[in-house]
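The values are calculated or read from the model by the stated rules, or taken from the named source; none is laboratory data. In this text the structure is predicted, and so the values were computed from the model without any measurement. So basically every Cβ, Gly included, is an ideal-geometry build from the backbone, and we count neighbours across all protein chains shown.
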2 protein chains.
Amino acid sequence: MPLSESIVSIIGMGLMGGSLGAALVKGGVCKEVRGIVRKESQVPAVVAAKAAHVAGTDRKRLLQGADLVVLATPVCSIEEEILSIQPFLGSGTVLTDLGSTKASIVNAMDKLEGDIIAVGGHPMCGKETSGIGSATSILFEGAIWALIPTRNTKPHGLELLLELISAVGARPVVMDVERHDSAVACVSTLPYLLSVALMAVVSEAGQNNEFVRRLASSGLRDTSRLAASNIRMMMEIVNSNRAHVERILSMSLKRLEDLGLLLTDEDTKGLCDFLKNAQEERLRLFPEGVPEAIHEPRAPRGRG
Amino acid sequence: MPLSESIVSIIGMGLMGGSLGAALVKGGVCKEVRGIVRKESQVPAVVAAKAAHVAGTDRKRLLQGADLVVLATPVCSIEEEILSIQPFLGSGTVLTDLGSTKASIVNAMDKLEGDIIAVGGHPMCGKETSGIGSATSILFEGAIWALIPTRNTKPHGLELLLELISAVGARPVVMDVERHDSAVACVSTLPYLLSVALMAVVSEAGQNNEFVRRLASSGLRDTSRLAASNIRMMMEIVNSNRAHVERILSMSLKRLEDLGLLLTDEDTKGLCDFLKNAQEERLRLFPEGVPEAIHEPRAPRGRG
């Protein structure tokens, strides 16, 4: 069944689910968008955000007849959600999720019985703010959207998702769960943890030197942006992907120790090569160049 | 003498010197702006950028009668420049520089003889690109500009610089050399080194997993922006501030090890507190909130 004739039910109408609903409603790309929330009191915000055609808390009713069900709840709850909604899913329903780590979710999807078609999903976008109030129909534009096939994936389920991803302006990349979780630890969780460590150092150094905070400028601002991320979400991402995160964190420690040794040894050639390799990797990853960052932020009002 | 009646000679017309000249010329805030370059072939670009009223290589002529001399050459050359231009500076000339680390520069300024008024300077702004072609009159708008008094600083020299800084839209902060260099290692060099280590990990992890580069998104992009910085400039900054940089790098290693232990010990409470403290520090430093980063970069064309 094409997307245009499909009923899409989204469970969890926060930043991600709300933005997906808003993009689908705005684009008019499917037959109906249903938003499922935990509490009745959340319904008006979903309606106000135009994030669904109908919204409510009654899962049974809102999942009935759905052609595509999207789990957009926090990553640690998705496994449980898969089990709990299973009885409400009709034969042939396509099920996906928006969780940032995939091992346990794909494992739960593998075990689904009946004729449910399940595909793990992970759109690589977000904001530092959360909730339906932050939702926006343009959230997915230009974003990579990882798709992870499970034992219960069938071609027409994948096709429906490719159509949906393309309809909201994102770019699908199909990959296996192991390489997904490993890559996410590297390109998403590690930058966060480095950003957190940076803020810890600034906080410590700032206690003895008021100028640490007064000299904070655009370099620090950009490198530390991720430290402002939602803590609960990051805790879940770290906890659900611990082995990969530990391994990647060790790699970064090793590299920083290497840098420290090059400094201590006054190994100018070695240091220069190290910096050059990093610069080349950066230019390879983001060849369009860096966004110009010539302005300082408005007066960082550090308490110094 | 007020800035409006002053002749300002800038030595070194790259990104920083060229931008300063362009801002002064555009604002019409001083009597004359002179740009001093190394090679005659660099003069047309300075003229084209409207970065000086007169430009050339003849130091003696272009320094004669100057009320304010600004050293805008690479940080490692400034100490030598101070010695070499001394014979050309008239009594009462105000001398400053734009170098990113200050210990050896301020030390050289302390030793100046005659009636030269010397003040170390460091505008906290820049770009990842360098040269007069990147110069812009708005470079300093909103930037913190550190001023470091020397033994040869006198009140009216400081006043002239405060006037200049304010004329180009920057905000002066006067501090001692030790705390300047320590703060710079923390808020400027450490973010760079973390960004470099991040790219080294991505490069290594990307060799075995093509999806590392394919999943690169806005978080990685912002956290790694500084890795694209000019290598020669960063080498000079690191080398001229080695002790502080080593100390700050050790602090960051310690914090990352702490994070690793919290992960290994599955210390959820400890990890959560660590992340919260970092988040609070970030919000204290940049209370205006984070720039929204909901879009992915245009297709990272990683060679994967």
Give the residues of the stretch B:5-49 that are farther than 19 Å from B:Leu63 by Cα and without any contact (Cβ under 8 Å) to a residue 60 or more places away in the chain, sorted by residue number.
B:Gly28, B:Ser41, B:Pro44, B:Ala48
Kindly establish whether A:Ile36 is surrounded by fewer than 22 Cβ atoms within 10 Å (Cβ to Cβ), modelled with pLDDT of 95 or more and in contact with a helix residue (DSSP H, G or I) (Cβ under 7 Å, 6 or more places away or on another chain).
no
Within the stretch A:260-292, restricting attention to residues that are under 30 Å from B:Pro287 (Cβ atoms) and more than 7 Å from chain B (Cβ to nearest Cβ), which residue is modelled with the lowest pLDDT?
A:Pro291
Looking at the stretch B:242-261, is at least one residue of a type outside the set (Lys, Arg), under 27 Å from B:Gly14 (Cβ atoms) and within 15 Å of the chain's Cα centre (by Cα)?
no
Which helices (runs of 4 or more DSSP H) sit wholly inside the stretch A:96-193 and have at least 1 residues that are more than 13 Å from the chain's Cα centre (by Cα) and within 30 Å of A:Ala48 (Cα to Cα)?
A:155-167
Would the stretch A:143-165 turn up any residue that is surrounded by fewer than 18 Cβ atoms within 10 Å (Cβ to Cβ), closer than 23 Å to A:Met233 by Cα and either touching a His at 6+ places or on another chain (Cβ under 7 Å) or not assigned by TED's automatic domain parsing to the domain that holds A:Asn239 (or both)?
no
Quick one: count up the residues across the stretch B:202-213 that are of a type in the set (D, E, K, R), within 7 Å of another protein chain (Cβ to nearest Cβ) and surrounded by fewer than 23 Cβ atoms within 10 Å (Cβ to Cβ).
1
Kindly list the number of the only condition in (1) over 21 Å from B:Val238 (Cβ atoms); (2) under 14 Å from the mean Cα position of the chain (by Cα); (3) more than 14 Å from chain A (Cβ to nearest Cβ) that fails for B:Gly92.
(2)
Among residues belonging to the stretch A:122-141 that are closer than 27 Å to A:Met109 by Cα and touching a Lys or Arg at 6+ places or on another chain (Cβ under 8 Å), point out the one that is surrounded by the fewest Cβ atoms within 10 Å (Cβ to Cβ).
A:Leu139
Reported set for the stretch A:219-259 where residues are within 25 Å of B:Asp181 (Cα to Cα), assigned to a helix (DSSP H, G or I) and at the interface with another protein chain (Cβ under 7 Å from one of its Cβ atoms) is A:Gly219, A:Leu220, A:Arg221, A:Asp222, A:Thr223, A:Arg225, A:Ala227, A:Leu253, A:Arg255, A:Leu256, A:Glu257, A:Leu259
Any residue at all in the stretch A:247-258 that is modelled with pLDDT of 95 or more and touching a Ser or Thr at 6+ places or on another chain (Cβ under 6 Å)?
no
Could you tell me whether the stretch B:41-62 includes any residue that is surrounded by fewer than 16 Cβ atoms within 10 Å (Cβ to Cβ), under 26 Å from B:Leu147 (Cβ atoms) and over 24 Å from the mean Cα position of the chain (by Cα)?
no
Identify the residue in the stretch B:85-106 that is in contact (Cβ under 8 Å) with a residue 24 or more places away in the chain and surrounded by fewer than 22 Cβ atoms within 10 Å (Cβ to Cβ) and, among all such residues, is nearest to B:Val168 (Cα to Cα).
B:Gly92
Suppose the filter is more than 23 Å from B:Ile36 (Cβ to Cβ), within 11 Å of another protein chain (Cβ to nearest Cβ) and touching a Phe, Trp or Tyr at 6+ places or on another chain (Cβ under 6 Å); does B:Met199 pass it?
no
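Every residue, every condition in (1) modelled with pLDDT under 95; (2) more than 14 Å from every other protein chain (Cβ to nearest Cβ), yes or no:
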| site | (1), (2) |
| --- | --- |
| B:Met109 | no, yes |
| B:Glu113 | yes, yes |
| B:Cys125 | yes, no |
| B:Glu128 | yes, no |
| B:Ile132 | no, yes |
| B:Ile138 | no, no |
| B:Gly142 | yes, no |
| B:Ala146 | no, no |
| B:Leu160 | no, yes |
Assuming B:Ala216 fulfils every condition listed in (1) facing chain A (nearest Cβ under 8 Å); (2) in a helix (DSSP H, G or I); (3) small (Gly, Ala, Ser) apart from one, which condition is it?
(2)
If I ask for residues that are hydroxyl-bearing (Ser, Thr, Tyr) and over 23 Å from B:Leu158 (Cα atoms), which ones from the stretch B:48-76 would you list?
B:Thr57
Within the stretch A:136-165, the residues that are touching a strand residue (DSSP E or B) at 6+ places or on another chain (Cβ under 7 Å) and small (Gly, Ala, Ser) are A:Ala143, A:Ala146, A:Gly157
